[in-house]
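*Asks:* One structure, as structure tokens, below. Some questions next.
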Amino acid sequence: MSAVKRTVISNFTQVAVVCLYVTHDDICRGLQSICKRAAERLNLNWLGIYNDFLDPSEDEKTLYLVTALAGVHRGGRLPKYYVVWQQEQALSHWLDPTDPQGSIYCRRLEKALAIWESKKTNMQMLTSRFGSERVFFLPITSTFYHSNLCGANANNDGLIPFHERQYDILFLGAPNKRRAAVLKLLADNGMRVKHCHKLSANEYRPFLRNSKILLNVHFMFASQSCCSEADLEVVRLRLGLSNGIFVISERSNDADLDEIYERIGVKFCDTEQILHACSNLLLKSQKDCYSVQKQLQEQKERYESAFPIPPTAEMQRLLISSTALKTLG
């Protein structure tokens, strides 16, 4: 990217989170929980969460925190001031400037005041392309500390007893041949499998409450030859950990992050071991349901203590650093 001039911004007076994918509404609530007080400390009016940008007449005074930039349709309007919380995988077409959709996405990243990157493994690539002064690391796990964003409350009200749950295996995510093959293998071996895609938090909440195991199978792009090259889908893991479900996942390209989640309770395994891992866990639950319930509660407590909310001052500094820069025409 060519060098650009920057200047301090002082025009906007209000902040809003924009959620462009219905499946990201829980992410937006997490972002709101750490940004609201920081914005108010900066004497900025906090507007809340929206599913689209406000009227163009509000552009001059509004800073938008956008959680899913890919949700802006081709030719769709972008406001004057926006920060992007980037969550696409480095090898996806969205970050490929030679791809028709990717070229639009990358141009929109370039126009953003700042990019908050959710994956440590993407930082070097993004800083080299968009400048280290505009790219900041904000992992998704930093915001998801509430146990009741998408499921039961702190007292576990609403959780169905483990042995009464309808589904053995729950998978949330886009379908492809690789994922379908894994889910078919589990179903062929007598497991009750539920696959959900393109649902809002309210729509997938009943399935979270009614499932025993949340399975994470990587999508895998054409340029990836093995699971260890794929990003860890922490949003999906978080949904299981915070809602009283066991989580089984393939390993990722970030061994340190895998280790953090493994300590909390996620069972990592190779693709060919998924059937064995699921079978063993379900068999154990049949033999000793009480110990399974206790194990799930301990897992949930470890999750909540592992990812506390960042201090307000930390988010305040991030907002200041991100919005003190503006690309001049």
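*Asks:* Restricting to the range 259-302, count the residues that are crowded, with 16+ Cβ neighbours inside 10 Å and in a loop (DSSP other than H, G, I, E, B).
*Replies:* Going through the range 259-302 one residue at a time, the tally reaches 2.
*Asks:* If you scan the range 90-118, which residues turn out to be among the hydroxyl-bearing types (Ser, Thr, Tyr), outside any helix (DSSP H, G or I) and over 20 Å from the mean Cα position of the chain (by Cα)?
*Replies:* To start, the set of residues in the range 90-118 that are among the hydroxyl-bearing types (Ser, Thr, Tyr) comprises 92, 98, 103, 105, 118.
Subsequent filtering for residues that are outside any helix (DSSP H, G or I) retains 92, 98, 118.
Hit for the range 90-118 is 98, nothing else.
*Asks:* So, one more: Within the range 59-90, work out how many residues are without any contact (Cβ under 8 Å) to a residue 24 or more places away in the chain and either surrounded by fewer than 18 Cβ atoms within 10 Å (Cβ to Cβ) or touching a Cys at 6+ places or on another chain (Cβ under 7 Å) (or both). So that I can check it myself, show each step before the final result.
*Replies:* From the range 59-90, those without any contact (Cβ under 8 Å) to a residue 24 or more places away in the chain are 59, 73, 75-76, 80, 88; that's our starting set.
Within this subset, residues satisfying the condition of being either surrounded by fewer than 18 Cβ atoms within 10 Å (Cβ to Cβ) or touching a Cys at 6+ places or on another chain (Cβ under 7 Å) (or both) are 73, 75-76.
The number of residues fulfilling the criteria is 3.
*Asks:* Name the residues in the range 123-134 that are under 19 Å from residue 103 (Cβ atoms) and without any contact (Cβ under 8 Å) to a residue 24 or more places away in the chain, would you?
*Replies:* Within the range 123-134, 128 is the sole residue that qualifies.
*Asks:* I've got another one for you. Just one of (1) more than 22 Å from the chain's Cα centre (by Cα); (2) at pLDDT 90 or above; (3) within 24 Å of residue 88 (Cβ to Cβ) trips up residue 225, so point out which.
*Replies:* The one condition residue 225 does not meet is (2).
*Asks:* Only one of 108, 179 is surrounded by 16 or more Cβ atoms within 10 Å (Cβ to Cβ), under 26 Å from residue 278 (Cα atoms) and at pLDDT 90 or above; which?
*Replies:* Only one candidate passes the filter, namely 179.
Each row is one residue, and each column tells you yes or no for (1) at pLDDT below 90; (2) outside the structural domain of residue 238 (by TED's automatic domain parsing); (3) not in a helix (DSSP H, G or I).
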| residue | (1), (2), (3) |
| --- | --- |
| 49 | yes, yes, yes |
| 60 | yes, yes, no |
| 82 | no, yes, yes |
| 127 | no, yes, no |
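The values are calculated or read from the model by the stated rules, or taken from the named source; none is laboratory data. As the structure is a prediction and not an experimental result, all values here were calculated from the model. Counting neighbours? That spans all protein chains shown, and the Cβs are built from the backbone with ideal geometry, glycine included.
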